[in-house]
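Below is one structure; the comments refer to it alone.
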Amino acid sequence: MAYLLDSNVFIQAKNLYYGMDFCPAFWEWLVNANQAGSVLSIQKVRDELLAGDDELADWARQRGEEFL
C-alpha cells in the first residue's frame with residue numbers, strides 16, 4: 001500500500017511537530033519510505049513546496065522530481 005501525501009503534511013510537519021533541525025529522522029524516514037514506494041506525492045505538491053523560500057523548499061528541491 002502506498003500513501004499519497006498532500007502539501008499540508010510537509011508544511012505542518014515542518015512548522016509544528018517535526019522541524020528539520022529538531023527531528024531530522026522524520027525527514028529521513030520520508031525519503032526512505034519514498035524509495036520503498038510507500039510514500040508518494042504529486043507535481044502540484046512539489047510546485048507548492050518549491051514556491052516557498054525556506055528550508056522545506058530546499059529539501060523538496062534536493063529530492064528531485066522522483067519524490068514529488
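The values are calculated or read from the model by the stated rules, or taken from the named source; none is laboratory data. Nothing here was measured: the structure is a model prediction, and the numbers come from that model. Heads up, the Cβs are rebuilt from the backbone with ideal geometry, glycines too, and the neighbour counts pull from every protein chain shown.
Residue pairs whose Cβ atoms lie under 9 Å apart, separated by 6 or more positions or on different chains, with the first residue in the stretch 41-67 and under 16 Å from ASP21 (Cα atoms) and the second surrounded by 12 or more Cβ atoms within 10 Å (Cβ to Cβ) and among the aromatic types (Phe, Trp, Tyr), are LEU56/PHE10; TRP59/PHE10; TRP59/TRP27; ALA60/PHE10; ALA60/PHE67. The residues of the stretch 9-29 that are without any contact (Cβ under 8 Å) to a residue 12 or more places away in the chain and either under 18 Å from GLU65 (Cβ atoms) or surrounded by 11 or more Cβ atoms within 10 Å (Cβ to Cβ) (or both), listed by number, are VAL9, GLN12, ASN15, TYR18, GLY19, CYS23, PRO24, TRP29. Find the residue count for the stretch 1-18, including only residues that are out of contact with any strand residue (DSSP E or B) (no Cβ under 8 Å at 6 or more places or on another chain), assigned to a loop (DSSP other than H, G, I, E, B) and at pLDDT 95 or above. Matching residues across the stretch 1-18 total 2.
Within the stretch 30-54, the set of residues being in a helix (DSSP H, G or I) and surrounded by 13 or more Cβ atoms within 10 Å (Cβ to Cβ) comprises LEU30, VAL31, ALA33, ASN34, VAL45, ARG46, GLU48, LEU49, LEU50.
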